[in-house]
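The values are calculated or read from the model by the stated rules, or taken from the named source; none is laboratory data. Keep in mind that this is a model prediction, so the values were computed, not measured. Cβ placement follows ideal geometry from the backbone for every residue including glycine, while neighbour counts extend to all protein chains displayed. Areas reflect the complete protein model, heavy atoms only, side chains present, ligands, DNA and RNA absent. Shrake-Rupley method; radii C 1.70, N 1.55, O 1.52, S 1.80 Å.
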Amino acid sequence: MTPIWAWFGYDEPNYTTAPNGKKLLSDIAVLSPVPVYVRAHNLMTSGDGSYALKWGSTGMYTEDKDGKPVYNWTIVDQIFDTYVERNMKPLAQIGFMPEALSQHPQPYQHHWKPGVRYQEIMTGWATPPKDYDKWAELIYQWVRHCVARYGQQEVESWYWEVWNEPDGHYLIAPDVKREYFKMYDYAADAVKRALPSARIGGPHTAGAGRFMDDFLRHVLTEPNYATGKTGAPLDFVAFHAKGAPKVVGGVVRMGMDVHFQRLDDGFALVEKYPQLKGMPVIIGESDPEGCAACGMATKPENAYRNGTLYASYTAASIAREYDLADKRGVNLIGAVNWSFEFEDQPWYAGFRDLATNGVNKPVLNVFRMFGLMGEERVAVSGDLAYDAASIKAGGVRGARTDINALATRGKRRVAVMVWNYHDDDIIDAGAPVALQIAGIPARAVSMRHYRIDSDNSNSYTAWKRMGSPASPSPAQVL
């Protein structure tokens, strides 16, 4: 059972070093028996390190009056130090464009807020470099600095990537596709020159379509923009897949079918190329929907995020990702849960986060459960109404709910995660489950039962029982 769940990400890198951010990262690190990988946007963005929704900066690159590069690693070091101190690993994103290298630098920092048109975040940071040699040298110096600070063996365990969703709104250029290929070639060459054993991949597209297909063809068979040779370094393939919830008759209805179709589309593209057989695959963002920073005040369909629906969706979807990958024969190593925490926001405002104001939400306990699973998956059978194929075809919308399980075995230990899920956000009376475990060579066993429902492992319902206080007291928080 590859721990594909032990991957997390967020837009705002400066939340990393905020007190609530450090607390949440510690909680995530402790729940996992393996090092957790963390992916964050804006690691190269210009600024003073202040945070805002869908914004962050490190100010790692400026130029002097003569146009010569000035490197400042202080803020990005603080971010990576926070990870490494907790035995976490960066999925280090080469992006976004520093102001001094932007082709159209003004306006540079956006001031987006929920409810505003999403494309308004695309400002001067979203352009290709105006000088590819300076861009490549910046990346080279950053990787060399990381090796000097953290050691070669540590940095060899990281993954490096170039940009985010270039097929979406995140790259502004006349020919986005070819510009991204050029950016990737220069960045990959710089990373490998700095550390030949470093691992780099992509394209982290918003979806698995023509752009991703053309990228794979480029790195496998086309001339390299940086070196002139054929192909470019590729140590893993990454793409994104999201669901599509909506409100139907006043009730939130999840879109796990859309999520699974997009996952399978990406796996199918990897399967298409024999050269990629066995290559690691990372779902760079794998979530019920797209905008983590859009709360339920502006998007009512996101009300699912506070309670048990987000928890059961997470359990059911991650479990089936193994099945979807197995069917295509791809080497899935990670599925990034794009949710973290948001500073200075109301309690339980319906953001896609793992904690609110330092208090962990029910969904984080699902990852605690995954952390308790064993090393080897074993078969689950029974009276099961849904599997990965049927969910991909039509979601979980029948009269029956999806009652299923993921099971593992380890040394003298068996773990079974059972969920009760439906796309519609309706709490029913529950259902009896008879669980039979075969093949245990012991006359006596001990059992521990962990549970997430309305009464257990659920800070949201506890907060509502308090009267939904806008500012809970320290005693209430405890």
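The figures follow:
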quantity: Per-region count, region 335-354, residues open to solvent by less than 20 Å² (accessible area, probe 1.4 Å) and in contact with a strand residue (DSSP E or B) (Cβ under 8 Å, 6 or more places away or on another chain); calculated: 12
quantity: Top-ranked residue of region 359-386 - restricted to ones that are aliphatic (A, V, I, L, M) and in a loop (DSSP other than H, G, I, E, B), ranked as farthest from Ser473 (Cα to Cα); calculated: Ala379
quantity: The listed residue being out of contact with any Phe, Trp or Tyr (no Cβ under 7 Å at 6 or more places or on another chain), free of Cβ contacts under 8 Å to residues at least 24 places away in the same chain, open to solvent by less than 40 Å² (accessible area, probe 1.4 Å) and not aromatic (Phe, Trp, Tyr), out of Gly168, Gly231; calculated: Gly231
quantity: Matching residues in region 171-185 - criterion: being open to solvent by 50 Å² or more (accessible area, probe 1.4 Å), more than 26 Å from His259 (Cα to Cα) and not aliphatic (A, V, I, L, M); calculated: Pro174, Asp175, Arg178, Lys182
quantity: All positions within region 186-221 that are without any contact (Cβ under 8 Å) to a residue 24 or more places away in the chain and either crowded, with 19+ Cβ neighbours inside 10 Å or assigned to a loop (DSSP other than H, G, I, E, B) (or both); calculated: Pro196
quantity: Restricting region 125-151 to residues that are touching a residue at least 40 places away in the same chain (Cβ under 8 Å), surrounded by fewer than 19 Cβ atoms within 10 Å (Cβ to Cβ) and touching a Leu at 6+ places or on another chain (Cβ under 7 Å), the residue that is farthest from Leu171 (Cα to Cα); calculated: Val147
quantity: Set Ser446, Ser459: member being of a type outside the set (A, V, I, L, M, F, W, C), over 25 Å from Asp323 (Cβ atoms) and in contact with a strand residue (DSSP E or B) (Cβ under 8 Å, 6 or more places away or on another chain); calculated: Ser459
quantity: Residue satisfying all of: in region 234-245; among the hydrophobic types (A, V, I, L, M, F, W, C) and open to solvent by less than 20 Å² (accessible area, probe 1.4 Å); nearest to Arg262 (Cα to Cα) among these; calculated: Ala241
quantity: Selection status of Asn357, touching a Pro at 6+ places or on another chain (Cβ under 7 Å) and surrounded by 14 or more Cβ atoms within 10 Å (Cβ to Cβ); calculated: no
quantity: Strands (runs of 3 or more DSSP E) fully within region 19-124 counting 1 or more residues that are polar (S, T, N, Q) and either under 23 Å from the mean Cα position of the chain (by Cα) or under 28 Å from Ile172 (Cα atoms) (or both); calculated: 61-63, 89-94
quantity: So Gln93, is it polar (S, T, N, Q) and open to solvent by 60 Å² or more (accessible area, probe 1.4 Å); calculated: no
quantity: All positions within region 302-358 that are part of a strand (DSSP E or B) and of a type in the set (Asp, Glu); calculated: Asp353
quantity: Of residues in region 26-45 being farther than 30 Å from Trp135 by Cα and of a type in the set (A, V, I, L, M), the one least open to solvent (accessible area, probe 1.4 Å); calculated: Ile28
quantity: Residues located in region 158-203, provided they are touching a strand residue (DSSP E or B) at 6+ places or on another chain (Cβ under 8 Å) and β-branched (Val, Ile, Thr); calculated: Val162, Val191, Ile200
quantity: Qualifying residue in region 327-334 (condition: of a type in the set (S, T, N, Q) and under 30 Å from Thr221 (Cβ atoms)); calculated: yes
quantity: Single residue of region 248-305 satisfying the filter (closer than 14 Å to Pro114 by Cβ and free of Cβ contacts under 8 Å to residues at least 60 places away in the same chain) that is surrounded by the fewest Cβ atoms within 10 Å (Cβ to Cβ); calculated: Pro300
